[in-house]
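Let me begin by presenting the structure, written as structure tokens, before commenting on it.
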Amino acid sequence: MKSINKNAMNFNTPLTKVFLALFGLLIILTGSSFTNGSKPEPPNSDIKEKIHRFFMSKRYKKALVTIHNLDSINGVLRNDTTEYGIKYRKLDASYSDLNNKYSELNTKQIQMIADHNHQKKVINDLNAKYDELQNATLTNTEKMNIALKSKEEELKERERKLKEMQSVINRQDSITNALNSIVKNALLGFKTDELSVEMKNGKVYVSMRDKLLFKSGSADVEEKGKDALKKLVDVLNKNQDVDILVEGHTDNVPIKTDTYKDNWDLSVSRATSIVRVLTVDDKMNPKRVTASGRGEYFPVASNQTPEGKARNRRTEIILSPKLDELMKMLGSK
């Protein structure tokens, strides 16, 4: 029997133990004899031989393999059953949670439907009241529609005039730009510290320093200054739709002579002298020109430095394209 135990399959599994126990019991019951209905007799040698042959047979070994396989399958099934049990309990818990949430949502949905029906009733009541008010105020509505139509036509007319005015302004800006370029080209021969040309506020500013036009404390125009003014007049006589304003400016150094009481008096006298050169010497139409003295009250630089004072001692000739067309449009509003 020892050789059988060495070569056989594992006998320690529960099913194998049960099988061997039953099989042994079967052999004892079938192989033993009883005498006189009392003591059993040991099995004869024939039975022992049969048992030995059975344990050595292929059928027995195959049965052992089958039992082992069944035992393995049983273990797998037991593990699967445990795992599925865990999963089932989790799913059952999830189902219970979802079912509770569904019940809550269902309750909320019922409440929302009730609220919706209430709101619908409120809206219907308001619509009914609105219809009543609309029928009662139909005459007033018609009056308002007539008034609105009138206002709409008025706004359209104003919009049309505004577009026309914008067109005129654009045209004026175009003229100013062209005039700025022409004047700059005409006065290219003079240094930047003698005169400058710039465009601002829709006008062209020709700023001439005193060193170009006058001697200190004098209002008599120097020859070099007259040359610059002549070149400017040549341009302006070709552009008749331009108004000219001549402004005299000084620094803040006080002046008091037999001829001039103060800087303001000097600035007016210098502006007037420039106007005389433009109109008398260069034959410009006097109706186009205005003289103005600003004294020391409109500086373009600080009077704390000699350079700043030199910049402030200047005469500005301001060229403005005529706005007659725009003024007419404004007057017709």
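The values are calculated or read from the model by the stated rules, or taken from the named source; none is laboratory data. As the structure is a computational prediction, the values presented were derived from the model and not from experiment. Don't worry about glycine lacking a Cβ; one is built from the backbone with ideal geometry, like all the others, and counts go over all protein chains shown.
Things worth noting here:
- Residues that are under 22 Å from A301 (Cα atoms), among the acidic types (D, E) and surrounded by fewer than 17 Cβ atoms within 10 Å (Cβ to Cβ), drawn from segment 252-290: D262
- Here the condition is being within 17 Å of M208 (Cα to Cα) and modelled with pLDDT under 95; of K256, K238, K224, it holds for K224 alone.
- Lone qualifier among M208, M144 - being over 18 Å from V242 (Cα atoms), out of contact with any Phe, Trp or Tyr (no Cβ under 8 Å at 6 or more places or on another chain) and surrounded by 13 or more Cβ atoms within 10 Å (Cβ to Cβ): M208
- Complete set of residues in segment 199-214 that are outside any helix (DSSP H, G or I) and touching a residue at least 12 places away in the same chain (Cβ under 8 Å): M199, G202, K203, V204, Y205, V206, S207, M208, R209, F214
- Failed criterion for T176 (all others in (1) under 30 Å from P321 (Cα atoms); (2) hydroxyl-bearing (S, T, Y); (3) without any contact (Cβ under 8 Å) to a residue 40 or more places away in the chain hold): (3)
- Residue match in segment 62-69 (condition: surrounded by 12 or more Cβ atoms within 10 Å (Cβ to Cβ), modelled with pLDDT of 80 or more, β-branched (V, I, T) and touching a Phe, Trp or Tyr at 6+ places or on another chain (Cβ under 7 Å)): yes
- Some residue of segment 122-140 being outside the structural domain of V300 (by TED's automatic domain parsing), within 39 Å of the chain's Cα centre (by Cα), over 23 Å from N237 (Cα atoms) and assigned to a helix (DSSP H, G or I): yes
- A residue that is closer than 29 Å to A178 by Cα and either touching a residue at least 40 places away in the same chain (Cβ under 8 Å) or in contact with a helix residue (DSSP H, G or I) (Cβ under 6 Å, 6 or more places away or on another chain) (or both) can be found somewhere in segment 253-270.
- Considering (1) outside the structural domain of N312 (by TED's automatic domain parsing); (2) β-branched (V, I, T); (3) modelled with pLDDT of 90 or more, the lone condition that V183 does not fulfil carries the number (1).
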